[in-house]
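One structure is given here, and the rest of the page talks about it.
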Amino acid sequence: MSGAWPDTAAGFRIEVHEVVGSTQDLARARLGRGEDVVVVGLEQTAGRGRLDRVWTSPPGNLYASTLLRVTLLPRLLPASSLVVAVALAEALEALGAAPRVKWPNDLLLGGLKVAGILLEHQNGHLVIGTGINVKATPQGQPAATTLAAVGISPTLPQLLEAYLLRLRARFTEFEQHGFFAIRQAWLERAEALGQPLRVRLADGLLEGRHGGIDDYGALRVEVADGVVLVAVGDVELVRTQEGA
């Protein structure tokens with residue numbers, strides 16, 4: 001690994017492991033200790049994404065799960081992953097990248113996935129999993145890229161610290177002032193706003209146009225007879241010939 005890992009950053013205790021099964025599992029096991037902690041795995045053997053999908057985790061990237069104590073109204077919890085996305089986007093911007101956000105949990109560079117977020121809520125804590133492609137792309141994911149591919153090569157400690165500083169700041173704002181300003185920051189970075197998309201739902205496929213997000217983080221899909229709000233679904237952006 002390159003660079004020295006700090007013991008703490010932005011009020012989070014940092015623990016680093018060479019190889020782990022899942023950083024998310026280790027972070028969850030630290031619930032109840034009364035601290036905010038980040039578990040980093042330089043390599044994961046049992047990583048997973050949303051909906052318990054298996055996630056390959058090659059060395060060279062940043063895999064971290066953050067245990068964060070929060071006090072949020074239940075109606076605001078669904079927006080938490082979008083708050084994380086804004087914080088992570090700001091961290092990458094500080095390093096020279098120009099990421100876009102894709103609802104609900106991806107960051108893109110040039111239309112290709114560079115980072116993903118997995119968020120769980122348990123006992124007044126958020127368990128926030130983040131995977132950032134620094135040098136390698138996951139096996140079997142052709143629509144992915146890396147920071148190195150656009151000439152950005154931070155050390156993993158630098159990247160983690162930049163992210164944690166912005167995560168702490170954005171969640172402090174979220175708890176104290178709500179989602180309004182963060183929603184605007186998300187919309188400013190939204191990929192394919194106003195463009196066609198498909199959303200795979202539990203009971204079928206929804207097609208329409210990307211209408212942004214509502215005041216609580218739900219996706220707004222513009223259809224012929226109005227707007228459909230989506231709380232859970234997989235989004236596929238439909239690239240038009242002009243914007244492909």
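The values are calculated or read from the model by the stated rules, or taken from the named source; none is laboratory data. Please read these numbers as outputs of a predicted model, since none were measured by experiment. All Cβ positions, glycine included, derive from the backbone under ideal geometry; neighbour counts span all protein chains shown.
From the list Thr130, Thr137, the one residue that fits, being under 21 Å from Val40 (Cβ atoms), hydroxyl-bearing (Ser, Thr, Tyr) and part of a loop (DSSP other than H, G, I, E, B), is Thr137.
Scanning region 27-36 for residues that are aliphatic (A, V, I, L, M) and under 16 Å from Leu119 (Cβ atoms) yields Ala27, Leu31. Scanning region 42-58 finds no residues that are assigned by TED's automatic domain parsing to the domain that holds Ala136, within 17 Å of Leu126 (Cβ to Cβ), modelled with pLDDT of 95 or more and not β-branched (Val, Ile, Thr). Where strands (runs of 3 or more DSSP E) fall entirely within region 16-121, those with at least 1 residues that are over 17 Å from Gln139 (Cα atoms), hydrophobic (A, V, I, L, M, F, W, C) and in contact with a His (Cβ under 6 Å, 6 or more places away or on another chain) are at 62-69.
Pairing residues of region 129-146 that are assigned by TED's automatic domain parsing to the domain that holds Asp25 and farther than 10 Å from Lys113 by Cβ with residues that are part of a strand (DSSP E or B) and basic (Lys, Arg), at Cβ distances under 9 Å and at least 6 apart in sequence or on separate chains, gives Gly129/Arg48.
Pairs linking a residue in region 80-103 that is without any contact (Cβ under 8 Å) to a residue 24 or more places away in the chain to a residue that is assigned to a helix (DSSP H, G or I), with Cβ atoms under 9 Å and 6 or more positions apart or on different chains, are Ala98/Leu92; Ala98/Val150.
Filtering region 79-130 to residues that are buried (at least 23 other Cβ atoms within 10 Å of the Cβ) and touching a Gly at 6+ places or on another chain (Cβ under 6 Å) leaves Ala79, Leu82, Leu118. Residues of region 16-25 that are more than 18 Å from the chain's Cα centre (by Cα) and under 22 Å from Thr155 (Cβ atoms): Val16, His17, Glu18, Val19, Val20.
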